[in-house]
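Heads up: the structure comes next, in C-alpha cells.
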Amino acid sequence: VDSIALNLPDYTTVIKHPMDISTLSHDLLSGKHNNSNGSIDLTTGPNGGSFAKDLNRIFENAMSYNAAGSWIYNSALWLQKNSNKKLEAAAKRCRQTTGRAFDGRIKTNNYEERNRPKYSEDYFEEENDCSAAE
C-alpha cells in the first residue's frame, strides 16, 4: 500500500502489517506461498496457509482502516467471506480428489480451458482445478 500516493498519512500508524494485491501477486509468483512439495495450501483459518493469511490480511486491513458501514469496509467484508468460501471449497476438492493441496496449475487438454484467464469468477469451481501438472 503506497500510503503517500494515496494520501493516507496515518495508514502506517493504524495498519502495522500492510498487504496489498500487488504484493500478494508478487509473493505468489515468486513461490513464497509454496509448501515443501511446491503446492499452495489454500486452507483458511488460524491453521491456514500463508496465501490465505495474506489474502485475509488485505481484507482485515481495509476493515481496520475504514469506518464500519463504509463502502470499502462492506466490500472488504463481502470479498473476505466469499474468497474464504471459494478457497475452502477448492482445498476440500483437492484433498478429496488428489490427496494433496492445490498446486496452482490446471491440467487439461482443452485449448480454451488452458488459455482462459486464471482469475475468472469460476476458476476454483472447475472439476480439474486440482489435477497435478506433470
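The values are calculated or read from the model by the stated rules, or taken from the named source; none is laboratory data. Not measured: the values here are computed from a predicted model. Here the Cβ is made from the backbone with ideal geometry for all residues, glycine too, and neighbour counts use every protein chain on show. For accessibility, only protein heavy atoms count, side chains too; no ligands or nucleic acids. Shrake-Rupley method; radii C 1.70, N 1.55, O 1.52, S 1.80 Å.
A few points about this structure:
- Protein heavy-atom accessible surface, 1.4 Å probe, per residue over the range 1-64: 60 Å².
- Cα gyration tensor category, rounded, prolate or oblate, for the range 48-93 with a/c compared to 1.5: oblate
- Loop-located trypsin sites (Lys or Arg not before Pro) in the range 1-94 whose Cβ has at most 15 other Cβ within 10 Å (DSSP): Lys16, Lys32
- Converting phi to 3J(HN,Hα) with the Karplus coefficients 6.51, -1.76 and 1.60 and the offset θ = phi - 60°, the range 25-33 yields 4, 4, 4, 5, 5, 7, x, 4, 8 Hz in sequence order, with x at every glycine or proline.
- 15 Å beta-carbon shell around Val1, net charge (K/R +1, D/E -1): -4
- Of Asp20, Asp2, Asp10, the residue with the largest accessible area leads and the full order is Asp2, Asp10, Asp20 (1.4 Å probe).
- For the range 66-78, backbone phi angles converted through the Karplus equation (6.51, -1.76, 1.60; θ = phi - 60°) give residue-by-residue couplings of 9, 5, 4, x, 6, 5, 5, 4, 5, 5, 4, 4, 5 Hz, Gly and Pro being listed as x.
- Rounded FRET efficiency, nearest 0.05, which uses the C-beta distance separating Lys85 from Ala5 and R0 of 30 Å: 0.40
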